[in-house]
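Some notes on the structure that comes next.
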Amino acid sequence: MLSSTVCTVVSVAGLGIAALTAYRKRFLAATRIAAISLVPVGLAMTGVIDWLTGVVFKPVVWAGFGVLALSVVLFMIARVAERHSLKAGGSRKERRAAARQRGQEAVAPKASVPSLGAGAQAGQQPAAGSKGKAGAPQEDFSDIEAILKKHGI
């Protein structure tokens, strides 16, 4: 009963402000204010306000929200734990075997070899007749060609 009275007072005040706005010849703003001020009365007449006040002031409802929040938190913890166990391997034996393998293959055996193979090496000189314009030596583009061929260009 009290909530209906409060909603009615708020709506009447809003309609009064809309009337003053219309008196100042701002009809578009007055229409918006009137539309917004009718919302509380409409909510009170449909019973939404009574339902909301019943939900807000009942401790059982808040306990229900707490249980729902707890279930969401537990679900997220389970997802994180599942993702962690998938990254680390399934069982304890699998994780230990993976750790042993990582310890053995810490350094790649051919890490110091260039990935393009025998491209332009440091001691290799360009051919004698491969000078471009103005006597500048022409650069070796074999490594660039290898990259382009690798990507299919």
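The values are calculated or read from the model by the stated rules, or taken from the named source; none is laboratory data. Bear in mind that the values here come from a model prediction, so they are computed numbers and not experimental data. Reconstructed Cβ throughout: ideal geometry from the backbone, glycine too, with neighbour counts over all protein chains shown. For accessibility, only protein heavy atoms count, side chains too; no ligands or nucleic acids. Shrake-Rupley method; radii C 1.70, N 1.55, O 1.52, S 1.80 Å.
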Please find, among S115, S91, the residue that is within 40 Å of the chain's Cα centre (by Cα), open to solvent by less than 100 Å² (accessible area, probe 1.4 Å), at pLDDT below 85 and at negative phi.
-> S91
Mind checking whether some residue in segment 99-107 is open to solvent by less than 100 Å² (accessible area, probe 1.4 Å), more than 30 Å from E145 (Cβ to Cβ) and modelled with pLDDT of 70 or more?
-> yes
Considering residues that are at pLDDT 90 or above, outside any helix (DSSP H, G or I) and over 40 Å from the mean Cα position of the chain (by Cα), the number found within segment 1-51 is 3
